[in-house]
Amino acid sequence: EVQLQASGGGLVQAGGSLRLSCAVSGFTLGDVPIAWFRQAPGKEREGVSAMSKSDGEQYYSDSVKGRFTISSDNARNMVYLQMNNLKAEDTAAYYCAAAPGIKGYYLDYVMYDYWGRGTQVTVSS
């Protein structure tokens with residue numbers, strides 16, 4: 001059974017940092033596209049960061065480029081999102097997702113088959 005579990009969210013002040021983690025099971029990291037999405041109340045779900053595969057091309061939304069970094073540890077079946085210089089507008093529930101087999105549109109949520117529960121990030125200012 002494919003499962004993803006996000007963790008690491010919390011409350012931070014603007015300018016601070018957090019690292020989100022996503023534990024995956026039911027499939028092997030390496031060739032599977034993985035992404036992080038976020039959604040705030042009343043707002044559309046946004047693709048934050050993605051990788052086409054482990055050590056593959058990385059993609060970032062313009063709003064987080066230069067501040068967030070996606071990475072993975074295949075041996076531990078973990079995916080991470082390092083978030084630096086957090087802003088109030090980063091406040092949202094963050095979700096990790098997997099989409100085996102897709103080739104493109106990595107930041108489009110409709111392409112993803114498997115989703116984690118999500119973890120809340122709140123940035124105060």
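The values are calculated or read from the model by the stated rules, or taken from the named source; none is laboratory data. It should be emphasised that the depicted structure is a prediction, and the values quoted were computed from it without experimental measurement. Note that we place each Cβ from the backbone using ideal geometry, even for glycine, and neighbour counts take in every protein chain shown. Surface areas here come from the heavy atoms of the whole protein model, side chains and all, with no ligands, DNA or RNA. Shrake-Rupley method; radii C 1.70, N 1.55, O 1.52, S 1.80 Å.
Just a few scattered comments:
- Among the conditions (1) open to solvent by 30 Å² or more (accessible area, probe 1.4 Å); (2) under 24 Å from residue 3 (Cβ atoms); (3) modelled with pLDDT of 95 or more; (4) not aromatic (Phe, Trp, Tyr), residue 100 misses just one, which is (3).
- Residue in the range 18-27 that is hydroxyl-bearing (Ser, Thr, Tyr), modelled with pLDDT under 95 and more than 12 Å from the chain's Cα centre (by Cα) present: yes
- Verdict on residue 94 being in a loop (DSSP other than H, G, I, E, B), of a type in the set (Phe, Trp, Tyr) and either touching a Ser or Thr at 6+ places or on another chain (Cβ under 9 Å) or surrounded by 13 or more Cβ atoms within 10 Å (Cβ to Cβ) (or both): no
- Failed condition for residue 69, given (1) over 11 Å from the mean Cα position of the chain (by Cα); (2) without any contact (Cβ under 8 Å) to a residue 40 or more places away in the chain; (3) under 21 Å from residue 15 (Cβ atoms); (4) not in a loop (DSSP other than H, G, I, E, B): (1)
- Considering residues of the range 1-13 that are in a strand (DSSP E or B) and hydrophobic (A, V, I, L, M, F, W, C) only, the residue surrounded by the fewest Cβ atoms within 10 Å (Cβ to Cβ): 11
- Any strands (runs of 3 or more DSSP E) falling wholly within the range 14-61 and containing at least 1 residues that are buried (at least 20 other Cβ atoms within 10 Å of the Cβ) and among the β-branched types (Val, Ile, Thr): 18-25, 34-39, 46-51
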